[in-house]
Amino acid sequence: MAKILVVTSGKGGVGKTTTSAAIGTGLALRGHKTVIVDFDVGLRNLDLIMGCERRVVYDFVNVVNGEANLQQALIKDKRLENLYVLAASQTRDKDALTQEGVEKVLMELKDTFDYVVCDSPAGIEKGAHLAMYFADEAIVVTNPEVSSVRDSDRMLGLLASKSRRAEKGEDPIKEHLLITRYHPERVSKGEMLGVEDVKEILAVALLGVIPESQAVLKASNQGVPVILDDQSDAGQAYSDTVDRLLGKTVEHRFLDVQKKGFFERLFGGN
Amino acid sequence: MQTMSQTQTPDQEPVFQLKGSMLAITVLELAQNNLEGLDRQLAAKVAQAPNFFSNTPLVLALDKLPPSEGAVDLPGLMRVCRQHGLRTLAIRASRIEDIAAAIAIDLPVLPPSGARERPVELPEPVVEKKKPEPPAEPAVKPTKIITSPVRGGQQIYAQGGDLVVISSVSPGAELLADGNIHVYGAMRGRALAGIKGNTKARIFCQQMTAELVSIAGQYKVSEDLRRDPLWGAGVQVSLSGDVLNITRL
């Protein structure tokens, strides 16, 4: 049974697209046929993060409007056999998406894929609404910071009341909390909210904690999903996250301040 | 200035205190200047929800009347409302003749509306089929029970009864009830009990970290609540006179 997964947050810049790319790639790595759909029409980024920006011919809006079929618009990943990307349009805006059009495309994708990962735009307007409307599960991406937590809370309220599952009275969307850009040192100094604080405020099961990492920016610029950088802390944390999403029990890592060695303390910068 | 300071008596006890208060109030927005029509339609509404129309305070809004409508018979209009259990406190008007008519009978005039009000939801029609004898006691409204977290931006209203929230209430969420409010998770939003003016209503919470609590329009905001030593504790909030009391549960 195919699953529609939405990666959403309310607030912008918290790491939705990075997360969509990492989780989608992680699912494909574990043998699930996966497509990542960019709902951020007008501000498309997913193709850059996935490193397929030079191969975009047709996009999501073309398919919704019937100007191209899915086979023409799906971009196959160069690295993984069973991973595809459906890019957003750069020239249109969010009003180009209609509920009926999105439903038709998602249902068609559900027939051929195991996982459909929807990369939501920021905000709570039409684009974000359509990205989450048909979802079975939601990953709410939150930075450990009050405004991000508040926006995530608002988004959780919308997931519980404005989705198709809610409107049809079916089982609610399964909600997962993913904390990104986590900086244990700043948490211990009291400059950032801790994992427990965020969990308590949002009252949602914790799927993963991704540490703030140089590897994320590097990976974005190279167009390689950070989960493929298995040497990096962020890549490993995303790997754990995907395992948990698939039902495995994996202990959370990277939550505590790393003790610095003697030489690091002597020579290491901060 | 000197004469003023001579007449002041600084050691006298204050006779009064001015307080701001938020009240839920019904606004009757007149769309046509047609007293017979209003009489008929109000009678139909009263038949639907007799309890709603018993000495209900009312603001008469004349500012939405089309300019083509003639002068309003204000005393006649108030009489019709009065017959159906609506008691006019003030009018809202922009036309000079309406304002003059209100001043003539010493009725306060409010400025024309902003966009702050919503249409009132009448309680569900009590009589669908005609029943031979009217029920002696008004039926008790079931308590509204919420089991999932109430998120920022959500508003939950328990009309005519109590509201119980088993889960947490986030900042920016709003709980409204005509009766009492109970919150068993962390309470970080707003809670307004007794919004139709029930001063006996109370708010109970296990962890009081609310943005605002209010009973029958008397309220405290978190800036005041935070100074209370019971901030974060299990408390009940009740009203005596016009003072909100916060006591440990």
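Of the residues making up region A:187-206, those that are without any contact (Cβ under 8 Å) to a residue 12 or more places away in the chain and surrounded by 16 or more Cβ atoms within 10 Å (Cβ to Cβ) number 1. What tally of residues in region B:173-210 results from selecting those that are within 14 Å of another protein chain (Cβ to nearest Cβ), surrounded by fewer than 19 Cβ atoms within 10 Å (Cβ to Cβ) and outside any strand (DSSP E or B)? Going through region B:173-210 one residue at a time, the tally reaches 1.
Being more than 14 Å from chain A (Cβ to nearest Cβ) and at pLDDT below 95 is a condition met by at least one residue of region B:160-171.
Based on what the data block shows, is B:Q32 closer than 30 Å to B:I96 by Cβ and of a type in the set (S, T, N, Q)?
So B:Q32 fits the description; yes.
Mind checking whether some residue in region A:215-235 is touching a His at 6+ places or on another chain (Cβ under 9 Å), of a type in the set (D, E, K, R) and not in a helix (DSSP H, G or I)? Looking for residues that are touching a His at 6+ places or on another chain (Cβ under 9 Å), of a type in the set (D, E, K, R) and not in a helix (DSSP H, G or I), one finds none in region A:215-235, hence no. In region A:134-191, of all residues being polar (S, T, N, Q) and assigned to a loop (DSSP other than H, G, I, E, B), the one that is nearest to the other protein chains (Cβ to nearest Cβ) corresponds to A:S163. Scanning region A:108-123 for residues that are closer than 12 Å to A:K94 by Cα and touching a helix residue (DSSP H, G or I) at 6+ places or on another chain (Cβ under 8 Å) gives A:S120, A:P121, A:A122.
The values are calculated or read from the model by the stated rules, or taken from the named source; none is laboratory data. Since the structure is predicted, the reported quantities are computational estimates derived from the model, not experimental observations. Please note: Cβ atoms are built from the backbone with ideal geometry, for glycine as well, and neighbour counts cover all protein chains shown.
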